[in-house]
Each structure stands twice: as C-alpha cells, then as structure tokens.
Amino acid sequence: MAERLDTAAVLGAGVMGAGIAAHLAGAGVRTHLLDIVPPDLKDRDKNNPEARNGFARSGIDKALKSKPATFYDPDAARLVVPGNFEDHLDRLGECDLIIEAVVEKLEIKKSLFAKVAAKAKPTAILASNTSGRSIAGITADLPEAAQKRFVVMHFFNPVRYMRLLEIVPGPKTDKAVIEAAARIGLWLGKGIVYGKDTPNFVANRIGVYGLMKTIQLLGQDGYSIEEVDKIVGKPMGRPGSAAFGTGDLVGIDTFVHVAQNCYDSLPKDEEREVFKMPAWVLDLVKSGRTGRKAGGGFYKKVGEEIQVLDVGTGKYRPQAKIRYESLGAAKGIDDSGARLKALVNADDRAGKLAWKLTAHTLAYSARRLGEIADDVVNVDRAMRWGFNWDQGPFEAWDAIGVAASTERMVKEGVAVPKWVTDMLASGQKSFYDGKASARRYFDLATKKPKAMPQDARHIQLAAVHDEEKRVIKENLAASLLDLGNGCLCVEVHTKMNTIDADVLAMLQEGVDVAEKSFEAMVIANDGECFGAGANLMLIFMASQQKRWEELDRIIRMFHHTMQKVRYAKVPSVAAPFGYTFGGVCELAMSTTAAEAHAETYVGLVEVGAGVIPAGTGCTRLVERFTADVAQVPNADPLYFIAQAFLNIATAKVATGAEEARRLRYLRQSDGITLNRDQLTRHACERALGLARAGYRPPRPPVLKAAGVDVGKTLEMQAWGMAEGGFATPYDLHIAKKVAHILTGGNVAAGTELSESHYLDLEREAFLSLCGEEKSQARMQSLLTTNKPLRN
C-alpha cells in the first residue's frame, strides 16, 4: 500500500469528478482527470487529442469558472491533466489513488473497474465515489487482489467546502486500505465517517429521510413550503436553506434520484413509503423546474422577489409572512440544543411540526444504528459534516432530554428501538457524557459508554480547560492556556471572537508570560470563526457619546498590543480560519507567522463600518507591498501601493487562504492547513520550529513613502469609481483618507518613515471618521441589521 500520495486519477469529469480533481490538485497532487471520448466528434477531430479529451478539458474549465470557486487557487489547475478512457488508461500505472466518479449505473462502473484493475499498479487504492450503488455489486467480477484494494470514498458536493468523506469498505477490503484512505481523507481536510455497504450509506440515508418526512408532514398537516422552511431551518439547528431551499440548492432531480434509490433498494425498511416521492414533486422535474440551476424549483425569483411554489395550484406566489411565538423566542437562544428543546416543547403550529419531524428523525436514526454505521458518533458526524446540522441526531436527542422525549415518542406511537429504552433502563440517561477531555458515547455493541474516537493531532482547547493547572489566566473575553508542548495559547472567546479591551489586555499579558515561561505563543480558538473584527458596539457607543479621549486611548492600546506581539522575544503564530475580519485580521498580520486554514475568509473590511483599519492594518499592508519596491530598480511605487489601496477601500475579502496570500493578508511564507482539527497543532509546530531555530524578533522597518503625488493619483482613481456609480460620495471621502495613510501623508516620494508615523495617520483618520454622522450610520446599520449601509 502506497504511503505517499504523489499522483492520483479521477475517472469521470462531471461536477463531482472535476471537484475531486480540483481538491486533490489544491493539496499539491498531480491528478489525471479522464472521461469518455465525446461520441459526436466530427471526422476531422477524431484523431485530435484536444478534441478527444474534450469532456475532461470541459470539466476543468467549468471548475475554474464556478462560483463559489472549486479550486483553492486557479493556478493549481496546472496539476490536473486531462485525458480519456480510450487513450490514457495506461496513466493509471503511475497513480497511488484512483477514484471513479462516473454515472451511477452499475454495469458502467463494473466495466470501467475491470479495465482499471488491469492497468493500476498493485499498491494503488481503487476507490469509488458512488453515493449509493452496492460495493459488492461493483466489485463482484474483479480479481480478489483488486477487491482487497477497493473502498468507497464518498465525497460530498461541493467537494472543497463540504467536510464529510464517507469511507465504506467492501466485503474483502483490507484493513490497511481503509486506514490509508482515512489518512488521505484527513490530509485533504475531510472529516471521516465509516459507513456500511447499504443504499445511500449514512448521511444521505438519514438526511433524505428527514427531507422526505418533511414533505410527508407538509401534505398531511397542510403546511406551506415557506412555512416549513421558516421552522426547520436555523430554529432547529439546520442550515438557513432549511428543507425546500436545500432541495433547490442540490437540485430537485438529484434529490428525486437519491430518494428513488432508497425506495427501490430498501424493500425491508419499515418506513419505505416515506421515500416515495409525491406526484407534485415529480411534476416539477418533468417540467424542468429542478431548482436554482434551472431558475426555479420550490422557489423562483420573479423580478426582485423570491416567490414560492403553491403546492395546490402548482404556480408561484409571493411568500406569506410566517410568525409564531415559538420562532420569535428561538431567535433569542444562542445555544442550538437549548433552542431546539424550547421549540419542540412549544404548543403552537411551529412547535408541533418541529416535534413531529424531530421525533421521527431521531427514532429512524436509532433504528438504523448497526445497519448503516456501527455507532452514534459516525451518524452524528455524518449529519453535521454532510448536511451542516448544528447537532447530529443523537446529540440533538441529548439536548432535548432523552428520557422525557422518549417517553413522549412512545406515548404518541413513534417506534423507538429497544436498545434506546434498554439504555435508559440501565441508568444511562444520555448518548454522550463526560468532559471534553474524557468524552464518551454509548456503544451499541458493548451496551456501555466508550471513549470517543479522536484525531491524535487535534488539540481541543475545551479539553485543556478541563485541567485547571493548564489555565494560567482567564477573563470573560480570553484565556491563557498551557498547551503542554512549550506553547502558550491565547484563546479569545467573546461573541464572534471580537476584540475588546479585555482581549487586548490578555494578549499583552500573554506576551509577558510567554517570554518568561514558554518557547512560543500561538493565538487560536475553537469557535465558529477566528474573529469578526473589533467590538463595533464599543466604538459606536463611544462615537455617539463623543468620548474622543476614550476612543483615542482604545486605538493607542490596540497599537501598543499589536506592536508588543510583533516584537516579542518569542515567536507568535496566529491560526486563522473562517471569518478573519478587521481588527482580528490586523492581529493575524501582527504575529511572526500565520498557519491559516484553507477556508479562511480574511480582509480589512472597516470601510463598511465607516472607518479605516486603525489597528496597524494600513501600516502592515504598506510594509508588505512596498517591500518589493526596494527589489526593483526605478520601480513606480504606485504599482505596488495601489493593490493595498484597493484591498482597503473596497473592503476586499479573500475567499480562501491562497487568495489571502495574493492580497498579502498572509505572507507567501505563511502556512496553509487543510484539516481544521489539526490547525492549532500545526500552528504550534510552526511556532516551535521558529523558536528552536534561534528566533530573534525583527528590526522595526524603515518605510519609504509613496508620497503625496501617488496619494493624489489614488484619489483620482477613487473619484473615477464614484463618477462611474461604483462608489458613493462617502465611499470616496473614506478612500481619500486611506490614500493619505498608505502614501505616508503630506510627504515627498521616497521619504523614510517609521511605523509610528503611519500608526499616527491611522489613529487620526479613524478618530475623525468616528465623529462623522454617516460613519455612525454605517456602524448602526451593521449592528442592527448585520448589513452594510451604502450612504
């Protein structure tokens, strides 16, 4: 079995195949993308290699054009080599991993794998991305040696963004192959779920059941489509697209296909009839109304309005306003488990639907245990990672109370499996228990709690908190944690991990502690994002109340903290992921290095709040962009500083870590990690590597100003955008201040300036904008509507 993944092949260049190939290429793997020769080639093209590779080439091109982006970096497309099944199967001999992603027809898959087995090297993993075909059926005619190397690696679409990878062995798959496939999956950043050879495996089996049960309840109880989606989305801990919005997103035809596969393949399922698609949904597919890709499905955009399908008439109509007391109450509950518990116990129409759907889904999931997966952990992870539920079925059951809800289900005739009632009778009152450092789940095989399976490279900060001696100091905003490996961790835990005075104080103390007692410092957290910026409410209230001295003190404290981190005697490494905006972006830019998750959405977005980056962000971009000027004789500083200006003036957000490198929010030398769970570990290793290589803090730079003339040129560019209607007059007003800062103020080109000069320019511009009515209106809009105001 190959222990390295240098070269791979993906067979089938459709949406899934191209997505898998792009993801492999993004990880640095040279990947052959093969498909059939187009059957309708003209005679002149039948010997043309480009034409014969047309389907594979088209798959790459579509992936490059897709939104959201399929590739982490478009340049990685160079690693995807197009080909076809007739001319290029010999390439499989150099591949360590071969993934089939052709049409879901058994005979086609069997025929293709017969050819693959003859060409693949004896150590290659033979994988299928099938979402529901029987492994035993696919592999029945393969040589035994090939069957031992065969495994399902079922990615979810879109491959780059969906974390779930279901790994399902066949009847003869070697354990070493399963382990190797899991290692590859973890390396690619995926969350591994182990399933069994049953129709639609784990996530689709439960997820499609939930969607079909929703449709059934809609018909039985007279709910409307928009009414259902208002209830079963965020209030229940599901994605905002809810049920029918999700159907439109994935494609109603795809949804019908998966449900039909369940219906056809599960004759012994006690709820088989739930998977039978009603005629009104089939009519949508027949009429071509298959969802967003077709311009309409359950919902349709009519002008500027999103209208909804009326199930009774088959026509679209404006959506009704949906208001229930239980939904209003749910909005005020942040914890998803507590929110679900309150909703399912509500007595209004929304609560009743939420309870019915929850009860049937939980009971169905419990009845499938042992059939589709061995334990509750794999089922819960499948639904969190594959369907973006906040909690899997058994986690949700714990949240609403297993004993009370089970009693209610039994009383109402919902079929709860015996193992659940036996578990309760034994005294075990939940599916999970224990602290984060000793988390356990109820194991169906032993009928006892069992330690949770964990990735050994995952540093769980919650588990560190369980050991009091490792919590050096904490306040309501942040903690200092001893990670036990020579690293001190500064963990922020405010709402959305925003930065306030308490966070700044803890960062300063973190530097002091690290310099005294640790080799290095990392800044990391296990929240939903690295951080959404500075505490805007604090800034807004001070601005409204004209507390200018307080604002000045906050900015000076921010500057002092960022500079203290930057020039600490020990290296510091930030571990950004998800939203990394504004002041938190400035923090990440102030550390010695960063180890970013691939899905890091980073930017200096302060203009949306009516201000400018004033926590060293402008200064850092000046340094990063003008460093190149010294390397190019007679270089025009405008060429270098203009991108920094564009980043800030347009609140440019990188849509991933690779783009963040191009925009210089990250350095080229900063690391990128695909696996979110391993991010803190990788940050520690980077920090310790710097420390153990004889780290010395950097010398403060001397920055050569672009000068006032370049500033005026940037102002003219902004004026042109305003004249063209791409920016408002107030956008132009802010942009002028950004240009003034980035070019060094009223100085000549080439003037040598210190960091403190630029920091003073940041502070002056920020304070002046805070005093303006339109800036305060922008802050208020973000705080009250979470939407930027273009005034």
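If you take the residues in the range 142-169 that are of a type in the set (Phe, Trp, Tyr) and under 22 Å from Ile206 (Cα atoms), which one is most open to solvent (accessible area, probe 1.4 Å)?
Tyr161
Being in a loop (DSSP other than H, G, I, E, B) and open to solvent by 50 Å² or more (accessible area, probe 1.4 Å) is the filter here; which residues of the range 279-299 pass it?
If the condition is that a residue be in a loop (DSSP other than H, G, I, E, B) and open to solvent by 50 Å² or more (accessible area, probe 1.4 Å), then Ser287, Arg289 are the ones that fit.
Considering Lys473, Lys450, which residue is modelled with pLDDT of 95 or more, under 30 Å from Val584 (Cα atoms) and open to solvent by 60 Å² or more (accessible area, probe 1.4 Å)?
Lys473
Take the range 224-272 and flag every residue that is closer than 16 Å to Lys331 by Cα and not in a helix (DSSP H, G or I).
Once the filter is applied, which keeps residues that are closer than 16 Å to Lys331 by Cα and not in a helix (DSSP H, G or I), the range 224-272 yields Gly233, Gly237, Arg238, Pro239, Gly240, Ala242.
Under 9 Å between Cβ atoms, at least 6 apart or on separate chains: pull out the pairs that start in the range 521-533 with a residue that is without any contact (Cβ under 8 Å) to a residue 24 or more places away in the chain and more than 28 Å from Pro697 (Cα to Cα) and end on any residue that is among the basic types (Lys, Arg) and open to solvent by 10 Å² or more (accessible area, probe 1.4 Å).
From the range 521-533, no pairs qualify.
Quick one: which helices (runs of 4 or more DSSP H) lie wholly within the range 655-741 and hold at least 2 residues that are farther than 24 Å from Leu488 by Cβ and open to solvent by 60 Å² or more (accessible area, probe 1.4 Å)?
708-723
When you go through (1) at pLDDT 95 or above; (2) exposed (fewer than 12 other Cβ atoms within 10 Å of the Cβ); (3) of a type in the set (Asp, Glu) one by one for Glu271, which number turns out not to apply?
Checking Glu271 against (1) at pLDDT 95 or above; (2) exposed (fewer than 12 other Cβ atoms within 10 Å of the Cβ); (3) of a type in the set (Asp, Glu), the one that fails is (2).
Step by step: first the residues of the range 42-64, then only those that are open to solvent by less than 80 Å² (accessible area, probe 1.4 Å) and out of contact with any strand residue (DSSP E or B) (no Cβ under 7 Å at 6 or more places or on another chain), then the one that is farthest from Leu188 (Cα to Cα). Which residue is that?
Across the range 42-64, the extreme among qualifying residues is Asp45.
Please verify whether Leu507 is of a type outside the set (Gly, Ala, Ser), over 30 Å from Ser405 (Cα atoms) and out of contact with any strand residue (DSSP E or B) (no Cβ under 9 Å at 6 or more places or on another chain), treating the condition exactly as stated.
In short, no.
Being among the charged types (D, E, K, R), in a strand (DSSP E or B), within 27 Å of His597 (Cα to Cα) and modelled with pLDDT of 95 or more, is that true of even one residue in the range 176-184?
Taking every residue of the range 176-184 in turn, none turns out to be among the charged types (D, E, K, R), in a strand (DSSP E or B), within 27 Å of His597 (Cα to Cα) and modelled with pLDDT of 95 or more.
Looking at the range 536-564, I want the residues that are of a type in the set (Phe, Trp, Tyr) and have a partner that is surrounded by fewer than 20 Cβ atoms within 10 Å (Cβ to Cβ) with Cβ atoms under 7 Å, at least 6 apart or on another chain. Which pairs are those?
As it stands, the answer is Phe540/Gln776; Phe540/Gln780; Phe540/Leu783; Trp548/Leu767, since those pairs meet every condition given.
If a residue has to be in contact with a Phe, Trp or Tyr (Cβ under 8 Å, 6 or more places away or on another chain) and surrounded by fewer than 16 Cβ atoms within 10 Å (Cβ to Cβ) to count, how many in the range 65-106 make the cut?
So the answer is 1.
Any residue at all in the range 482-495 that's at pLDDT 95 or above, more than 28 Å from the chain's Cα centre (by Cα) and loosely packed, with under 13 Cβ neighbours inside 10 Å?
There is at least one residue in the range 482-495 that is at pLDDT 95 or above, more than 28 Å from the chain's Cα centre (by Cα) and loosely packed, with under 13 Cβ neighbours inside 10 Å.
Please find, among Gly427, Gly413, Gly434, the residue that is more than 20 Å from Met383 (Cβ to Cβ) and either crowded, with 19+ Cβ neighbours inside 10 Å or touching a strand residue (DSSP E or B) at 6+ places or on another chain (Cβ under 6 Å) (or both).
Testing whether each residue is more than 20 Å from Met383 (Cβ to Cβ) and either crowded, with 19+ Cβ neighbours inside 10 Å or touching a strand residue (DSSP E or B) at 6+ places or on another chain (Cβ under 6 Å) (or both) leaves just Gly434.
Matching residues to (1) more than 22 Å from Gln563 (Cα to Cα); (2) in contact (Cβ under 8 Å) with a residue 40 or more places away in the chain:
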residue: Ser437; (1), (2): yes, no
residue: Pro449; (1), (2): yes, no
residue: Arg457; (1), (2): yes, yes
residue: Gln460; (1), (2): yes, yes
residue: Gly484; (1), (2): yes, no
residue: Cys489; (1), (2): no, yes
residue: Ala501; (1), (2): no, yes
residue: Glu509; (1), (2): no, no
residue: Ala514; (1), (2): no, yes
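With respect to Asp335, determine if the residue is out of contact with any strand residue (DSSP E or B) (no Cβ under 8 Å at 6 or more places or on another chain), of a type outside the set (Gly, Ala, Ser) and surrounded by fewer than 19 Cβ atoms within 10 Å (Cβ to Cβ).
yes
When only residues in the range 15-49 that are charged (D, E, K, R) and modelled with pLDDT of 95 or more count, which is farthest from Gly93 (Cα to Cα)?
Per the stated criteria, the residue is Asp35.
Could you please give the count of residues in the range 107-141 that are in contact with a Lys or Arg (Cβ under 7 Å, 6 or more places away or on another chain) and open to solvent by 60 Å² or more (accessible area, probe 1.4 Å)?
Qualifying residue count, the range 107-141: 2.
Residues in the range 300-323 that are closer than 30 Å to Asn345 by Cβ and open to solvent by less than 60 Å² (accessible area, probe 1.4 Å): how many?
4
Looking at the range 1-120, what strands (runs of 3 or more DSSP E) fall wholly within it and have at least 1 residues that are more than 24 Å from Arg163 (Cβ to Cβ)?
7-11, 30-35, 80-84
So which residues in the range 332-350 are of a type in the set (Gly, Ala, Ser) and closer than 16 Å to Ala404 by Cα, if there are any at all?
Within the range 332-350, Gly337, Ala338, Ala342, Ala346 qualify.
The values are calculated or read from the model by the stated rules, or taken from the named source; none is laboratory data. Predicted model, so just to flag it, every value in this text is computed and none were measured. FYI the Cβ positions are ideal-geometry reconstructions off the backbone, even for glycines, and counts take in every protein chain you see. Areas reflect the complete protein model, heavy atoms only, side chains present, ligands, DNA and RNA absent. Shrake-Rupley method; radii C 1.70, N 1.55, O 1.52, S 1.80 Å.
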